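Got a structure for you, questions after.
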Amino acid sequence: MARAGVTLTIEGLDELIREFKELGEKTVLDTLHTANVRAAEEVRDTARQMAPFDTGELERSIHVLSATRGKQGVLATVGSELYYAMFIEYGTERMRNFYPFLRPAFDSHEASIIESYREALREAVKQHGG
């Protein structure tokens, strides 16, 4: 199935987990997962606003497609499963005009996403007596 989307990934959690060892791996991953889902929802909402509007089908099709966590980190994917979404986002060889909406939505939130991870971890440390 064709898919257009952007993926939010946090890498290097091994070092982060060592630094927050007193919190425990599960707490760190749960905390980052929650922050990552919230960030993905913000990107989704902005992408919906930025998507070109014709019938509204594209806008309505933009969702958080997946949100997972594991020992390697957390991952959330925002996008659309409409077959033509990727053509609108990236264009084609024959398509002179294309209208990116996913990547610009992510880019507009990049700094706030990073800050939301920091704030979530600060809050987790406070709640656990840090």
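Please treat every number below as a calculation from the coordinates, not as lab data. Bear in mind that the values here come from a model prediction, so they are computed numbers and not experimental data. For neighbour counting, all protein chains shown are included, and Cβ atoms are generated from backbone atoms with ideal geometry for every residue, glycine included.
Against the longest alpha carbon principal axis of the chain, how many degrees, from 0 to 90 and to the nearest 10, is the axis of helix 25-50 turned?
Between helix and principal axis, roughly 20 degrees.
Rank these for me by crowding, Phe98, Phe106, going from fewest to most other beta carbons within 10 Å.
With the sparsest Cβ surroundings first, the list reads Phe98, Phe106.
Counting each DSSP H run of 4 or more residues in the chain as -39500 (n - 2.57), what helix-only mean residue ellipticity at 222 nm follows after dividing by all residues, to the nearest 500 deg cm²/dmol? Can you show the working numbers first?
Working: 5 runs with 70 residues, N = 130.
Taking each H run of at least 4 residues, the total per residue is -17500 deg cm²/dmol.
Further question on the same structure: Roughly what percent of Cα-Cα pairs across segment 4-125 reach past 20 Å? Intermediate results must be reported in sequence, preceding the final value.
On the way: 3403 of 7381 pairs.
Percentage above 20 Å: 46.
Fewest Cβ neighbours within 10 Å first, please rank Met95, Met86 accordingly.
Listing Met95, Met86 from fewest to most nearby Cβ atoms yields Met95, Met86.
Sticking with this one: At 0.36 nm per residue, minus the direct Cα-Cα distance, what do Lys21 and Met95 gain on full extension? Give it in nm, one decimal, please.
Length gained, Lys21 through Met95: 21.5 nm.
Set the Förster radius R0 to 30 Å, insert the Cβ-Cβ distance between Lys126 and Glu81 as r into 1/(1 + (r/R0)^6), and round the FRET efficiency to 0.05.
It comes to 0.15.
Something else: Under a point spin-label approximation (7 Å from Cα along Cα-to-Cβ), what is the Arg118-Arg60 distance to one decimal in nm?
Result: 4.0 nm between the two label points.
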